[in-house]
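To keep things clear, I will list the structure first and then write my remarks on it.
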Amino acid sequence: MAMAQSLAPSSSSAARAARPKARRAVPSRVVAGTAAATGESARRLVAAFDPAIPLASAVTPPSGWYTDPEFLQLELDRVFLRGWQAVGHVGQVKNPNDFFTGRLGNVEFVICRDANGELHAFHNVCRHHASLLACGSGQKTCFQCPYHGWTYGLDGILLKATRISGIKNFNKNDFGLIPIKVATWGPFVLARFDDSSQNTVNDVVGDEWLGSASDLLSRSGIDTTSLPHICRREYIIECNWKVFCDNYLDGGYHVPYAHGALASGLQLQSYETSTYERVSIQRCESAPPEQEDIDRLGTKATYAFVYPNFMINRYGPWMDTNLAVPLDATRCKVVFDYFLDESLLDDQNFVDRSLKDSEQVQMEDIALCEGVQRGLESAAYSVGRYAPSVEMAMHHFHCLLHDNLSG
């Protein structure tokens, strides 16, 4: 239960100020896929769920929400490419010249920090003939296209266009990289693909991204930047991205049946769920440790879901995050990032044991999610029901999706 997408970490002031400012031709909004128009089948699937029905009487969204490629196309356009999205953590762009890359739907992007320490994000596409510029993560002083050598500064400006003698009506200041709005909140890097303006105040971003849950998450230690990043693990799961989110949002319903070892460390009767504008928070007290040893779970675990696909888990000395990234209608990639209190970095036995315990939970969840996906694709299932006492966060998630998809 618990970030995750494969992204890579990405210069004197006087020289930078002297450069001409690129006049970038920026699309008003990035549209995923080949057509902005929504198909009739996707519209029917959206309409098949009624968020106005009270939880105790409501039925779940139809199975087509989890199997229809056209429905995923609608989600990419109206959910993932609108508003702030978590794309990585600040450790990936900690130093000048760090960069990392990622993909969301058909959008290829690169996040980088220039030599002056300023954070940038761009579409990772050369303006010449559309080659991807960078891959993975690391450090670069510039981005040079591997295809024809066009070169861009980490501020997006086109520095060199090769072999263009004789070209007419060309102004290189019009061919800088297409910018993406980028910001940070606590240890997280956020991008906004529907807004290319570059003036961002991080405090405002927190309010836009988290709403009224922002202060609560700060008090829970989730906005801290003092926890070193330990490792990243990625999983390709044979299920729709929402199946993974639903599993996270069932209020601990599945824990005693699927996670025996984890359940023994939690007081499941203390489980509580709160919902906010775009966030739901689940909390559970831990069982007293049986021995005088460092307790991985601490006294209380906090599981925060940030719509649409980002999960933050704070427990004991650990914080881990999950990012569920759709690959196609029936597959997703989930990226887990682990952060640990600095005082325990040298306790390798504790680190290894904790990561092993976490891995066991993830393997159990993957088996569950892939089994659910196969059931959703069968002819025997259409809609289900909610358990009103525990699955309120899941219903909240589905209502938010309906609102975006029908708007």
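Annotations
- Extreme residue, farthest from PHE100 (Cα to Cα), among residues of region 141-169 that are surrounded by fewer than 16 Cβ atoms within 10 Å (Cβ to Cβ) and of a type in the set (D, E, K, R): LYS168
- Restricted to region 245-303, and to residues there that are of a type in the set (Phe, Trp, Tyr) and touching a helix residue (DSSP H, G or I) at 6+ places or on another chain (Cβ under 8 Å), the residue that is modelled with the lowest pLDDT is TYR303.
- Residue within region 162-172 that is more than 22 Å from VAL325 (Cβ to Cβ) and within 29 Å of the chain's Cα centre (by Cα) present: no
- Filtering VAL372, VAL361 for residues that are surrounded by fewer than 17 Cβ atoms within 10 Å (Cβ to Cβ) and assigned to a helix (DSSP H, G or I) leaves a single hit, VAL361.
- Looking across PHE397, PHE305, one residue alone is buried (at least 22 other Cβ atoms within 10 Å of the Cβ) and not in a helix (DSSP H, G or I). It is PHE305.
- Residue within region 99-119 that is over 19 Å from the mean Cα position of the chain (by Cα), more than 30 Å from SER41 (Cβ to Cβ) and surrounded by 19 or more Cβ atoms within 10 Å (Cβ to Cβ) present: yes
- When ILE180 is tested against (1) over 17 Å from the mean Cα position of the chain (by Cα); (2) within 26 Å of THR101 (Cβ to Cβ), only condition (1) is not met.
- Matching residues, region 325-356, being under 20 Å from the mean Cα position of the chain (by Cα) and of a type in the set (Gly, Ala, Ser): ALA329
- Filter result for GLY91 (part of a helix (DSSP H, G or I) and over 25 Å from GLU391 (Cα atoms)): yes
- Residue in region 64-88 that is modelled with the lowest pLDDT, counting only those that are part of a loop (DSSP other than H, G, I, E, B) and surrounded by 20 or more Cβ atoms within 10 Å (Cβ to Cβ): LEU81
- Selected residue (criterion: surrounded by the fewest Cβ atoms within 10 Å (Cβ to Cβ)) from residues of region 120-140 that are in a strand (DSSP E or B) and of a type outside the set (Ser, Thr, Tyr): LEU132
- Cβ separations smaller than 7 Å between residues 6+ apart or across chains give the following pairs from region 368-391 residues that are assigned by TED's automatic domain parsing to the domain that holds VAL255 to residues that are outside any loop (DSSP other than H, G, I, E, B) and at pLDDT below 95: LEU368/ALA258.
The values are calculated or read from the model by the stated rules, or taken from the named source; none is laboratory data. Computed from a predicted model, the values in this text were never measured in an experiment. In this analysis, Cβ positions are derived from the backbone assuming ideal geometry, glycine residues included, and neighbour counts consider all displayed protein chains.
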